[in-house]
Amino acid sequence: MPIELALLVLNALFCLAFPWVYNWSYGRQVGGKRLMGNRDNLPERQGLAARGLRAHQNHLENLVPFAIIVLVAHAIGISNTVTVTCAVVFTIARLAHAGFYFAGITRLPGINGVRSIAYFVSLFAMLIFAAQLFGT
């Protein structure tokens, strides 16, 4: 399996794993039995449960275009050092973004907006990858 496809699958698995974390946290917030029902009239998510949901939604929003780019590249037979590097960078940046989001970290010593930086790194990796589709 090409590295780009393997990383796409890995990102899909992250997407499946995120709800386990934030729903576990939400279950601790409202009680597990309430989550097993229809979830009507539940209180707003707080803390990790809220940040995790937002991280998951953001990952989904970025996974769709990444998947399209990777699948089109595979379909037309494009795989090179640039596409592999971009897929690796995208994956690492998305993991960093989610980790910062889950942990509530927005800055590190000397670096403001670290979560946003991770987002933009993943975005630029996707755009550079997509540019490879038009270089043939």
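The values are calculated or read from the model by the stated rules, or taken from the named source; none is laboratory data. This is a predicted model, so every value here is computed, not measured. Glycine also receives a Cβ, built like all others from the backbone with ideal geometry; neighbour counts cover every protein chain displayed. When the accessible area is computed, the model is the full protein with side chains, heavy atoms only, and any ligands, DNA or RNA have been set aside. Shrake-Rupley method; radii C 1.70, N 1.55, O 1.52, S 1.80 Å.
May I ask you to say which residue of Phe90, Phe124 is more than 19 Å from Leu16 (Cβ to Cβ), aromatic (Phe, Trp, Tyr) and modelled with pLDDT of 95 or more? Break it down into steps so the answer makes sense when it comes.
Working: Phe90 fails: more than 19 Å from Leu16 (Cβ to Cβ).
Just a single option satisfies the conditions, and that option is Phe124.
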Q. Inside the range 115-136, can you point out the residues that are open to solvent by 70 Å² or more (accessible area, probe 1.4 Å) and among the aliphatic types (A, V, I, L, M)?
A. Ile117, Leu127, Ile128
Q | Glu44, sole failed condition from (1) more than 21 Å from Met126 (Cα to Cα); (2) of a type outside the set (Lys, Arg); (3) in contact (Cβ under 8 Å) with a residue 60 or more places away in the chain | A | (3)
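So in the range 100-114, with the set limited to residues that are assigned to a strand (DSSP E or B) and aliphatic (A, V, I, L, M), which one is surrounded by the most Cβ atoms within 10 Å (Cβ to Cβ)?
Our first condition is that a residue be assigned to a strand (DSSP E or B); within the range 100-114, this holds for 107-108, 111-112.
Filter once more, so that each one left must be aliphatic (A, V, I, L, M): 108, 111.
Details: Leu108: 12, Ile111: 9.
The qualifying residue surrounded by the most Cβ atoms within 10 Å (Cβ to Cβ) is Leu108.
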(Q) For the range 96-136, give me each residue that is among the hydroxyl-bearing types (Ser, Thr, Tyr) and in contact with a helix residue (DSSP H, G or I) (Cβ under 9 Å, 6 or more places away or on another chain). (A) Tyr101, Thr106, Ser116, Tyr119, Ser122
